[in-house]
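The block underneath contains the structure these notes are about, expressed in C-alpha cells.
The values are calculated or read from the model by the stated rules, or taken from the named source; none is laboratory data. Bear in mind that the values here come from a model prediction, so they are computed numbers and not experimental data. So basically every Cβ, Gly included, is an ideal-geometry build from the backbone, and we count neighbours across all protein chains shown. Heads up: the accessible areas ignore ligands, DNA and RNA and are worked out on the full protein's heavy atoms, side chains in. Shrake-Rupley method; radii C 1.70, N 1.55, O 1.52, S 1.80 Å.
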Amino acid sequence: MRTETVFQVKGTRHCLGARTWVMGVLNVTPDSFFDGGRYFDSFRAAEHGLRLAAEGADIIDIGGESSRPGSDPISAEEEIRRVVPVVSSMRAQTRILISVDTTKYETARAALDAGADIINDISSFGMDPRLLTLAAESGAGFILMHMRGVPKTMQASPRYGDVRAEVRAFLAEKLEIAAAYGIAAECLAVDPGIGFGKRLEDNCALIRNLASIAELGRPVVVGVSRKSMIGKILDVPPEERLEGSIAAAIVSLTRGAHILRVHDVQSTCRAVRVADAILAEPADRAIPETREAGHAR
Ligand code: 8Y4
C-alpha cells in the first residue's frame, strides 16, 4: 500500500499519495525506438510534450541520450542541442513539471537554467558527482535510480542474491550521500530501475515488493512502459506492449508506486484514474479508531 509523501521541487511542495502521478516520456533521440526520430526537431518535440501534458501527464521527462541496453554515449554538447530547446519551448507554453533525463552535469545545468524542474539521473550521480552540488544549489527534484554498471554493459550477466535487498540498500545509500551533500530529503525520489541490469524474475520481484522501497520514505518512481519484461511475458514487439504496460503500471501503483514513467500517457492516465478511484478511501467513511496512523489509504 502506498504511503503519503511530499515531493519538493524548486521550492514547491507537492503532496503525493492521494493520486498517482504520470510522467510522460519525451524522447528527443534520432533512434527513439517508437517515434523513429520524428520528434527530433525541437518544435515538433515540444508539440508532442504539450500533447502529453494535455493527455494528463503530471511531469514530462525529456531525454536526448538513449539509455537502451547496448547504446553508445553522446557528448554533453549534442545532448544539450537536443534537449534544451525543447525544455525552453515547453517552459514558455506550460507550467507542467519538466524533468530532464540525463547523467551529465552540463546538460542538467543548462536544462535547469532553461526551466526544467527535476533531474532524472539514471546513474544516481555515478556518472557525474557534480550533479550532487547542482541538485543541492538548485533545489530541483532529483530521481535516484538503481542500475548496475552502465547501459552499454548492464545486461551482460545480471545475477543477484536478493535483488530486493540489494536495490533497497543501494537507494538508501544514495539517499545518505545526497543528504551529506545538503540535498533536502524532500527533493529526492527513488526508483528501482526496472530493466536496468535485471532479469524478468528480478523485475517482477521488485514490482511485487515496492512497499519495501516506499519504506525509505520517499516518492517511488517506476518505469516499466514498453520494456523488455513486457515483451518477454507476452512475446510481442515494443509497439504491441500497451496492455501489458498498463497492467504493470496498475500493479505498481497498488504495490507502492507514486509516479509512473510511461510512453502512452492518455491510456495510462485513464487506467490510473479508475484504479485511484477504486482505491481511494474517503476520509468521512474511514473509522478513526481502526485507521492506521501515518497511512494515506
Ligand atoms: C522499450 C521501451 C525498451 C523502453 C526499452 C525501454 C527509466 C528511466 C528509462 C526508469 C527512470 C526505457 C530514462 C529506458 N527508464 N528513468 N529512463 N526510471 N527514472 N527503455 O525506469 O524506457 S529509459
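At a glance:
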quantity	calculated
DSSP beta bridges in the chain [antiparallel fraction, %, rounded to 5]	15 percent
Cα-based shape type of segment 58-104, given that a ≥ b ≥ c are square roots of the gyration tensor eigenvalues and the cut on a/c is 1.5	oblate
Shape category assigned to segment 141-276 from the gyration tensor of Cα positions, a/c cut at 1.5	oblate
Burial ranking of peptide ranges 160-170, 190-200 (average Cβ count within 10 Å, highest at the top)	190-200, 160-170
Helix-derived mean residue ellipticity, 222 nm - over the chain, DSSP H n ≥ 4, -39500 (n - 2.57), to 500	-12000 deg cm²/dmol
Subset of Lys174/Lys232; Lys10/Lys174; Lys104/Lys198; Lys174/Lys227; Lys104/Lys174 violating a 27 Å alpha-carbon distance limit	Lys174/Lys232
Solvent accessible area, Å² - Lys104, 1.4 Å probe, full protein context	40 Å²
Euclidean distance of C-alpha centroids, segment 70-128 and segment 182-261, integer Å	22 Å
Mean accessible surface per residue for segment 72-216, computed with a 1.4 Å probe while every protein chain stays in place, in Å²	40 Å²
